[in-house]
Amino acid sequence: MSTSARRVLAFLLLGVPAVLFALITWQVLAHGPLLRLDARLSRALVEPDRFGGFLSDFGNVQVAVPALVAAVGYALWRGRAAGADRWWLPPLAAAVLMALVPAIVVPLKDWTARPGTPVVPPGVGYFPSGHTATAAVAYGSATLILLPWLRSAVTRRCLVTGCALLVLGVSYGLVRRGWHWPLDVVASWCLSTMVLTTLGLLTGLSRSTRRRSSGTPSSSSGPSSPTMSSGPAATARSRASRTSRSSSPSSDSPGSW
């Protein structure tokens, strides 16, 4: 992918979720018509069961954060062992962005003060979903910092697929149990997309710096040119080549070997 295409993709992954999040937040604050659709969708999906609760548990801090810590430790170990330039940047960025999640979500909960569904006890502070944001940022960050160290394309696909299934499972479980409105989950998807895009940009910066620092092998370090060969056979070939060139018309294109 070209540099311009990457910039356009990064702009879309930052801009579109930001606009969508702003729209949803405005609807929550203004009690707009989107909330009526949200309530109807919630009533159609809510069915408290153990499986939904099991899925939502993967969004708990006690589950998601240790998974990210393990990934951070592995990425630090591999990066340092490989002697990569700025090997510490992607894992450190992942940890910092994870720590920023509650600093972003909690003030938004207090500001919007959205009530919960009829299934949960009376209260406010359900928008956006903290469990969804925790799962998406923790598992998504772990995936992003591990991908550069996986050689097999199949392994990389499995990791990305597993991450997506975990986040979708947590989201489904929260809505299925009635612990969050669907829009609470969608808003957290938007926030998490912006956070993970930021981490992806930092990870890409680290990889590009590593490629520049490694350099490109010079042609002088490769095998010696045939014109530099020595010995009687080489001398004979050189004389024959000069004789052939002197008896043929000149050409602007270089000769091929």
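The values are calculated or read from the model by the stated rules, or taken from the named source; none is laboratory data. Just so it is clear, the model here is predicted, and its values are computed rather than measured. Here the Cβ positions follow ideal geometry from the backbone for every residue, glycine too, while neighbour counts run over all protein chains shown. Side chains included, ligands, DNA and RNA excluded: accessible areas come from the protein's heavy atoms. Shrake-Rupley method; radii C 1.70, N 1.55, O 1.52, S 1.80 Å.
Take the alpha carbon gyration tensor of region 1-91, find the square roots of its eigenvalues, order them as a ≥ b ≥ c, and report rounded if a/c is under 1.5; if not, report prolate when a/b exceeds b/c, else oblate.
Values: a/c = 3.45, a/b = 1.46, b/c = 2.36.
Here region 1-91 falls in the oblate category.
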Suppose all protein chains stay in the model; what accessible area per residue would a 1.4 Å probe give for region 25-176, in Å²? 53 Å²
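Once you have a ≥ b ≥ c as the square roots of the Cα gyration tensor eigenvalues for region 1-50, tell me rounded if a/c is under 1.5, and otherwise prolate or oblate according to whether a/b is larger than b/c.
Working: a/c = 4.71, a/b = 1.95, b/c = 2.42.
Oblate, since a/c reaches 1.5 and b/c is not below a/b.
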Listed highest first by mean packing, meaning other Cβ atoms within 10 Å per residue, what order do 103-111, 137-145, 29-37, 178-186 come in? 137-145, 178-186, 103-111, 29-37
Convex hull volume of the Cα atoms in region 94-151, per residue, in Å³? 75 Å³
tail above 24 Å in the computed P(r) of region 51-168, as % of all Cα-Cα pairs, reads 35 percent
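Mean separation of Cα pairs under 8 Å and 6+ residues apart, divided by the residue count of region 78-143: what relative contact order is that in percent?
Dividing the mean separation by the residue count of region 78-143 yields 28 percent.
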Spread of Cα-to-Cα distances over 10 Å intervals beginning at zero, given as percent, for region 71-113: 27, 33, 20, 14, 5
Residue by residue through region 143-153, which ³J(HN,Hα) values in whole Hz follow from phi under the Karplus form 6.51 cos²θ - 1.76 cosθ + 1.60 (θ = phi - 60°), with glycine and proline marked x? 5, 5, 7, 8, 3, x, 9, 9, 7, 7, 5
Would you list C158, C163 from the most to the least accessible area, probe 1.4 Å? C158, C163
